[in-house]
Amino acid sequence: MKSLNILITGGASGIGLGIAEHLGKAGHHIILADIDLTAAAGAAQDLAAMGARVTPLQLDVANTEQIEGIAMQLAPMKVDVLINNAGIQHVSRLEDFPAQKWQSIINIMLVGPALLSKTLLPEMRKNNFGRIINIGSIHAIVASPYKTAYVAAKHGLIGFAKTLALETGDCDVTVNTICPSYVKTPMVEKQIAAQAKENGISEQEVIDKIMLAPMPKNAFIEIDELAASAEFLISNAARNMTAQTIVLDGGWTAR
């Protein structure tokens, strides 16, 4: 497969960085976008040391003006693949959930991906090639208490992907969503502590009784699983795979 220009949001750490490393090693050019330019530049330097071609980019996916200007900022480079990965979390019962935090989660994880796709789609259509991959979650399919905003945003991503897939059926553009259960990232580490506080249990009990208990495999999902799934979705073999929800959940939703 030819080398592609792949823009990954929230790319400076966690899942985004893991996918960037995997696809960079596969020979693709990575546009490592993050709200923290220093972190993105540092991560890009590390990936470049491994032989990857990387361009760091400061991008706040909740900033409409930045999103609308991204094509001009990257010109003449064209984005072939958009991976909507940026996300935040806040664990709280709804009565105590700060209104601004609720809005911020929706803006980052649902509005941002929609507006980025809107901005980059015309060039994908012009080139008759594009891949849009949303990093969803098991919480795009099921729910957990104390995560109203996160669950709402992730559920929304699936509806967004299905609708956009219908709108892009006339060209070689696909839109899919990868939905893993818990991945051991810095964001999940913070969730463990927050869940322990809300539920009045220990952090180990959060891992055993809340996070892993629903999974017959009883294991965290590894980032390499997500990265390989993304690699498949951008390949020619997946050219007719669109509007799909790829679930990596260790059997969670089979129950």
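Amide H contacts for residue 134 (H built 1.01 Å from N in the peptide plane; partners 5 or more residues away or on another chain; cut-off under 5 Å): 84, 176, 177, 178. Ranking of 171, 179 by solvent-accessible surface, largest first: 171, 179 (1.4 Å probe, protein heavy atoms only, all chains present). A Stokes-Einstein calculation at 37 °C with viscosity 0.692 mPa s, built on the Kirkwood radius of segment 160-255 over Cα pairs, returns a diffusion coefficient of 215 µm²/s.
Of the Cα atoms belonging to segment 126-190, the radius of gyration and Dmax stand at 14.2, 43 Å. Subtracting the Cα-Cα distance of residue 197 and residue 255 from their residue separation scaled by 0.36 nm leaves 18.1 nm. Among the listed pairs 78/154; 25/118; 162/217; 25/147, a Cα-Cα separation exceeding 31 Å is found for 25/147. For residue 55, the accessible area of its heavy atoms, probed at 1.4 Å with every protein chain present, is near 40 square angstrom. The Cα atoms of segment 4-108 give a gyration tensor whose axes a ≥ b ≥ c have a/c of 1.5 or more with a/b greater than b/c, which makes the shape prolate. When the GluC sites (Glu not before Pro) in segment 172-233 are filtered for DSSP coil states and for at most 16 other beta-carbon atoms within 10 Å of their beta-carbon, the remaining sites are 222.
Extension gain for residue 93 to residue 58 (0.36 nm times residue separation, less C-alpha to C-alpha distance): 9.3 nm. Here residue 155 sits with roughly 80 square angstrom of accessible surface, probe radius 1.4 Å. Shown here for segment 34-120: trypsin sites (Lys or Arg not before Pro) in loop regions (DSSP other than H, G, I, E, B) with at most 13 other Cβ atoms within 10 Å, namely 93. Applying D = kT/(6 pi eta Rh) to segment 77-220, where Rh is the Kirkwood radius over alpha-carbon pairs, T corresponds to 25 °C and eta to 0.890 mPa s, the Stokes-Einstein value obtained is 149 µm²/s.
Helical content alone sets the calculated 222 nm signal of the chain at -12500 deg cm²/dmol, taking -39,500 (n - 2.57) per DSSP H segment of four or more residues and averaging over every residue.
Annotation for residue 123 and residue 166: the two label points, set 7 Å from Cα along the Cα-Cβ direction, are 2.9 nm apart. Solvent exposure of segment 30-157 amounts to 45 Å² per residue of accessible area, where only protein heavy atoms count and the probe is 1.4 Å. Take the Cα radius of gyration of segment 63-123 and divide it by 2.2 N^0.38 Å, N being the number of residues; the result is 1.38.
Residue 239 to residue 142: FRET efficiency via 1/(1 + (r/R0)^6), r the Cβ-Cβ distance, R0 30 Å, to the nearest 0.05? Once the sixth-power term is evaluated, E becomes 0.50.
Residue-wise HN-Hα couplings along segment 217-234, as the Karplus relation 6.51 cos²θ - 1.76 cosθ + 1.60 with θ = phi - 60° gives them from phi, are 6, 6, 8, 5, 6, 8, 4, 5, 5, 5, 5, 5, 5, 5, 4, 5, 5, 8 Hz; Gly and Pro carry x. Quick note on the chain: its Rg to Rh ratio, both from C-alpha atoms and Rh being the Kirkwood radius, is 0.96.
The values are calculated or read from the model by the stated rules, or taken from the named source; none is laboratory data. Remember, it's a predicted structure, so these values are computed and weren't measured experimentally. Using ideal geometry, Cβ is built from the backbone for each residue, glycine included, and neighbour counts are taken over all protein chains shown. Ligands, DNA and RNA are excluded from the accessible area calculation, which covers all protein heavy atoms including side chains. Shrake-Rupley method; radii C 1.70, N 1.55, O 1.52, S 1.80 Å.
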